[in-house]
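What follows is a short report on a single structure.
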Amino acid sequence: MQETRKGMLLVISGPSGAGKGTLYGRLLQADQTMGFSVSYTTRDPRPGEAEGKDYHFVSETEFAQMVADDGFLEYAQVHGHHYGTPLAPVREALERGQNIMLDIDPQGAMQVMEKAPECVSVFILPPSFGELRRRLEGRGTETQEEIERRLRNARGEVALMDRYQYLVINDVVETAYQTLQGIVDAEKQRSCRYFPVVDE
């Protein structure tokens with residue numbers, strides 16, 4: 001049996017504090033076929049974040065130059081900062097047959113869905129807005145003003161969930177992860193990505 005595969009572009013979105021990072025981190029660790037696209041951002045690093053691993057941290061000027069050079073698959077302004085997915089590394093990985101995961105906000109996700117309609121889109125939901133507030137406050141990385149802004153934004157983001165192919169409620173992390181892994185496993189077997197040749 002000969003098998004070839006086309007790379008899958010997996011788009012994961014959800015409100016800040018919904019637990020996207022935990023879920024995609026587990027998926028990356030468990031699934032050796034999955035790579036992660038490191039986004040560019042103009043915000044400052046949070047404690048524990050590393051350049052080139054979590055994000056590429058650049059100035060507003062550098063980011064604007066990349067936009068002018070058509071260097072992004074998508075980009076958006078979120079919570080007062082710019083974020084963007086570099087185009088070339090994603091395109092090259094998919095052509096090699098590697099699966100690539102994007103952790104992006106709904107603004108960016110809508111751009112990717114338009115430019116790459118074959119992508120697989122998953123929206124991560126919190127069990128409630130009260131729980132979302134608790135998680136954001138528990139992180140201790142944002143001011144109260146920033147938390148309130150993220151909660152306001154979350155309501156608008158949740159309103160877009162029907163634009164995604166799949167919805168995952170992150171109430172119990174293990175259950176949410178198993179659901180996400182099931183989606184990925186099924187999508188790998190889609191006939192648009194998986195090309196087995198049956199031997200004589």
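Observations on the structure shown:
- Among the residues making up the stretch 117-158, a single one is assigned to a loop (DSSP other than H, G, I, E, B) and in contact with a Ser or Thr (Cβ under 9 Å, 6 or more places away or on another chain): GLU142.
- Count of the stretch 12-49 residues which are in contact (Cβ under 8 Å) with a residue 12 or more places away in the chain and over 26 Å from GLU148 (Cα atoms): 11
- Listing of helices (runs of 4 or more DSSP H) fully contained in the stretch 1-116 that carry 3 or more residues being under 14 Å from the mean Cα position of the chain (by Cα) and either surrounded by 13 or more Cβ atoms within 10 Å (Cβ to Cβ) or at positive phi (or both): 20-30, 106-115
- Selection status of VAL120, at pLDDT 95 or above and aliphatic (A, V, I, L, M): yes
- Filtered residues of the stretch 159-178 (kept if outside any loop (DSSP other than H, G, I, E, B), over 19 Å from LEU9 (Cα atoms), touching a helix residue (DSSP H, G or I) at 6+ places or on another chain (Cβ under 8 Å) and without any contact (Cβ under 8 Å) to a residue 60 or more places away in the chain): ILE169
- Looking only at residues of the stretch 25-57 that are among the aromatic types (Phe, Trp, Tyr) and in contact with a helix residue (DSSP H, G or I) (Cβ under 8 Å, 6 or more places away or on another chain), we find that the one that is farthest from CYS192 (Cα to Cα) is TYR40.
- Residues that are of a type in the set (Val, Ile, Thr), crowded, with 17+ Cβ neighbours inside 10 Å and either within 28 Å of ALA30 (Cα to Cα) or in contact with a Gly (Cβ under 6 Å, 6 or more places away or on another chain) (or both) occur at least once in the stretch 124-145.
- Some residue of the stretch 62-78 being touching an Asp or Glu at 6+ places or on another chain (Cβ under 9 Å), small (Gly, Ala, Ser) and under 20 Å from ILE124 (Cβ atoms): yes
- Between ALA176, ALA154, ALA186, the distinction of being at negative phi, touching a Pro at 6+ places or on another chain (Cβ under 6 Å) and at pLDDT 90 or above belongs to ALA154 only.
- Top-ranked residue in the stretch 157-197 [being under 26 Å from VAL78 (Cα atoms) and of a type in the set (S, T, N, Q); ranked as surrounded by the most Cβ atoms within 10 Å (Cβ to Cβ)]: ASN170
- Restricting GLN107, GLN181, GLN111, GLN144 to those that are among the polar types (S, T, N, Q), touching a residue at least 60 places away in the same chain (Cβ under 8 Å) and touching an Asp or Glu at 6+ places or on another chain (Cβ under 9 Å) reduces the list to GLN181.
The values are calculated or read from the model by the stated rules, or taken from the named source; none is laboratory data. Bear in mind the structure is a predicted one, so any value in this text is a computation, not a measurement. Note that we place each Cβ from the backbone using ideal geometry, even for glycine, and neighbour counts take in every protein chain shown.
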